[in-house]
Each structure stands twice: as C-alpha cells, then as structure tokens.
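The values are calculated or read from the model by the stated rules, or taken from the named source; none is laboratory data. Note that the structure is predicted; figures quoted are calculated from it, not measured. In this analysis, Cβ positions are derived from the backbone assuming ideal geometry, glycine residues included, and neighbour counts consider all displayed protein chains. Calculation scope for accessible area: heavy atoms of the full protein, side chains included, ligands and nucleic acids excluded. Shrake-Rupley method; radii C 1.70, N 1.55, O 1.52, S 1.80 Å.
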Amino acid sequence: MGKASRQRRLKQERERKQRRAAPPSQAKPPSQAKPPSQAKPPSQRELAAVGVAQALEALAHDLQDQFLEWVEALADQSQVPGWDPTVSRELVSYLRTSVAGAWRHGWQPAELVRHAGREKGDPHARMATDMIADEMRGYAAATVDDRWLAQLSALRTEVWWGNDDAYLGGWRDREGDSPQATLITAVELLLLLGQLPVLPRLCPLPGTVRPGAAARPGAAARPGAAARSGTAAGRERTADERILGKIRALLAKAESTEFTEEAEALSARAQELMAKYSIDHALLAAEAGSKDEPASRRLPVDNPYEGPKAQLLEEVAKANRCRAVWYKRLGMSAVIGFPADLDAVELLFTSLLVQANTAMLRAGAKRDRYGRSRTRAFRQSFLMSYAVRIGERLAGAAGDAERQVAAEAPGRNLLPVLAARHQAVDDAVDEMFGDGVSYHRTGRVSDSEGWYSGRAAADTAALHGHREVAAESV
C-alpha cells in the first residue's frame, strides 16, 4: 500500500472515531423526531400537578429541603399569569378527592377533623373542615344519613371561598398566612388524608341513602305495621329524645353541684331512667320480633392518660352489654352494642370522666420525699384505679337493675333476651374485627397513693342510684 493510501485510510479512521465520540447533543436528530423548538410546552395545570406531586413525595420521604424547594416553586406567583389560581384549583381538587376517599375508608366528618387537628394542628383541622364542606355540597341532604348531617352541623361546615381558584388566596387572607405557610398546610393535610387507615364503616356513604327509607331497622317487623311504621317510629324517636334529654340534664347538674348528696340524688334518678330506657328497648324489641341489630359508635379517648380513660370506657361498655375496642394510635374507641345501650354508655362514660377529672385535680400536685414531681404517676394510677373500681361497681349495679326489672314484671323472661343480645354483640365484634381484637390492661400503676385515692373517688362517684360504698366494705 502506497504512502498516500495509508494517509487516506488513517484520516478516514480518525473521522470515524470522532463521529463515534461526539456527544448526543451534537448528533443530528432522526428525521422522524420533531425539533425541540416544535415540542408542545406543558400547560400550567400540568406544571402545577407536577409541583404538588413532587412536594408530596418529598414530604412523604421526609426530604425537608426538597419539600421546601417545591413549596417555594408553587408559591412563586411571578412565574406566569394565573399561576396562583391554577395551583389553588389543583390542590383543592386533590384534597376534595382525598376526603371522598376517607369516606370510603370508613371515616366520618367529625373523626376526620379531629384526626387532622390531633396529628398536625388547628389550621389543618380548619382546612379539613373546609374540604369536607366542599366535597359534601355535591350531595342532596335527603341522600345523606342523619348522623352524618348532625356532624356537619356541629362542625359548622361552610363553603365561604367561592370557587377552587380563590381558595388558597382566601385562606391566606382569613388566616393571615404567607403563601408558603398556606401551601405547607395544604400539602401536609393531603399527605395525612392519603395515609388514613381503613376503619369499619358505621354509616352509609353520602349520596347512597334513599329518600324516605326507614330510619330505624325493623320498624315494620309485625304484620300490618308497615302502614303505621312511620308514625310509630316518629313517636318512638320523640320519646327517646325526651328521656335522653332528661338524663343529660340530670347528669349535667350532678357534675356541676358542690354538694355530694345532691349529686348522688341527681345521678340516681338519671341512672334509673337510663336502666329503664335500655331494658325496655330490649324487651319491646323481643316481644315485637323486630330485627333490631347491634350498631357501633366511635368515641374520642384523649391524652393525657389515654390508657386509663380507655379502660374506663371498656368497663362502662361491659356493664351495659357492649364491647369497646381501643384504637390507640387514633385516640378513640369503638363501642359496639344495641342503640339504647350505646346511648347509656356514651352518657355515663362522659359523666364519670368529668367526675374523675374533678376529683383528680382536687388532689393537686404531688411530690416525693426528695421534692421531685410525681404528679403524672399519681394521676395515671388514680385514673386506672378509678376505672377498675367503677367496673366493679357497675357490674354489681347492672345485676341489681336486671333483678329489679324481673321482679316488677314476673311474666317477662328477661334473661334469655339479654343473653341473646349479648351474643349478637359478640358476633358483631367478630364480624367487624375478626381476630384483630386484643384485650389488655391499658395503663401502668406505680403510685400507691394515686391508686387508693382513685378507688376512693370511684366509691363516691354517682352512678346507678347507689349511695357511696361504706369504708369498711372497701
């Protein structure tokens, strides 16, 4: 091969190597690809959706620096005209969808707001209330369960901001927040709603209630009762509300009076009405052959000293033929039983908790012999002892009430009725929770003075119409 041929080949080899080593940006695009200048730019909505998704992902993985960077980008109103309304519309849409998802996971409005406040704070609870109001305006009131409507009324839900585009701006004006703080609240709430555990569903979903459906199961169980069921059910609900109103008033007076004898008399009368209300419901349902079934309610069990409080609720539930299951992480307990018994549990638990707190605070702060505070240990032991002793008293009082009713109506066979209802409640718990229920003492006792003080307070607590326990019987 001549010298000229070798030089040409070497030159061609160098050119091939240079082409292979060239970076992609220098390579010519394939003929079928569009030049970058002709690619369609993303819309504002797409950019906002990406920003919210990236902020949410960073928050979920606890990448605070990245989270705040995305918040700054979402809050930057100088990017393009109309950016702030677009971000507001996207966030409200995601939050509203997450609220609807919470309903499908068994949550109710009051529980959702309480959980948001408990986990994150009051601003998150207020924003959750707003999102509930926004989601609920899509349903006719006639298609929403009465219990659901009562919670919405208590929360005072209201769509005050006009449309989704204006929500974040309106929130900033109302709360006095910066754009960044508002977005942080919204994204934190969105993450919280996306991580809710699934709960047993206690009410029909909004929009699924048939207008005119019977409010009380089994109202038309007897032949010929269908035509009368609406009027009869209305009269029964009116009577129930009248009795419960009297019970609430008596317990409120018992909690507020400074005189022990007056408190005992008021509570005795309240318990008489409560016991009669519960047992009469059981007997009437059995005699009518109605298909009365157990239901469930979830009651808040708040810190501090949530363990002993959950124990107190369990004791009250057990004495009233109900079962209680504590959701420790969520700060509430589910109580399963027949509706009249659930009414009794809720009223009595609330009253006894007020009486316990009053007696506990009256004891004041406590210190050990070295001057160190032992107030928390004292109060923990106080409330645990109170719960255990109340359980003992309630068990005895429940037996007395049943024997009294049986004696007053010898023709009525009470025991099989109550046994059947007890079994029905156990079956409902098994169906609702399966093997996921565990029972254990919910607090630790480490202060002997607190234990004996709590027991003494339980002995003098007003319940079931019994006078305080004599000292020698303790």
> Restricting the search to segment 81-109, which residues are open to solvent by less than 60 Å² (accessible area, probe 1.4 Å), over 17 Å from GLY170 (Cα atoms) and part of a loop (DSSP other than H, G, I, E, B)?
Replying inline: GLY106, TRP107, GLN108
>> Every residue in segment 290-301 that is in contact with a strand residue (DSSP E or B) (Cβ under 9 Å, 6 or more places away or on another chain) and either assigned to a helix (DSSP H, G or I) or open to solvent by 10 Å² or more (accessible area, probe 1.4 Å) (or both), please.
In response: PRO294, ALA295, SER296, ARG297, ARG298, LEU299, PRO300
> Within segment 355-365, is even one residue in contact with a strand residue (DSSP E or B) (Cβ under 8 Å, 6 or more places away or on another chain), open to solvent by 20 Å² or more (accessible area, probe 1.4 Å), over 20 Å from LEU266 (Cβ atoms) and not in a strand (DSSP E or B)?
Replying inline: yes
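Would you say SER351 is in contact with a Phe, Trp or Tyr (Cβ under 6 Å, 6 or more places away or on another chain) and either farther than 27 Å from ALA254 by Cα or modelled with pLDDT of 80 or more (or both)?
No; evaluated as a whole, the condition is false for this residue.
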> When you go through (1) at pLDDT 65 or above; (2) among the polar types (S, T, N, Q); (3) outside any helix (DSSP H, G or I) one by one for SER446, which number turns out not to apply?
Replying inline: (1)
> Among the residues of segment 396-411, is any surrounded by fewer than 17 Cβ atoms within 10 Å (Cβ to Cβ), touching a strand residue (DSSP E or B) at 6+ places or on another chain (Cβ under 7 Å) and basic (Lys, Arg)?
Replying inline: no
> How many of the residues making up segment 110-157 are small (Gly, Ala, Ser) and not in a helix (DSSP H, G or I)?
Replying inline: 3
> Of the conditions (1) within 25 Å of GLU306 (Cβ to Cβ); (2) at pLDDT 85 or above; (3) in contact with a Lys or Arg (Cβ under 8 Å, 6 or more places away or on another chain), MET432 fails just one. Which one is it?
Replying inline: (3)
> Across segment 322-349, which residue is surrounded by the fewest Cβ atoms within 10 Å (Cβ to Cβ) among those that are touching a strand residue (DSSP E or B) at 6+ places or on another chain (Cβ under 9 Å) and under 26 Å from LYS120 (Cβ atoms)?
Replying inline: TYR327
>> Which of the numbered conditions does ARG321 fail, given that it passes all the others? Conditions: (1) assigned to a helix (DSSP H, G or I); (2) closer than 30 Å to ALA286 by Cα.
In response: (1)
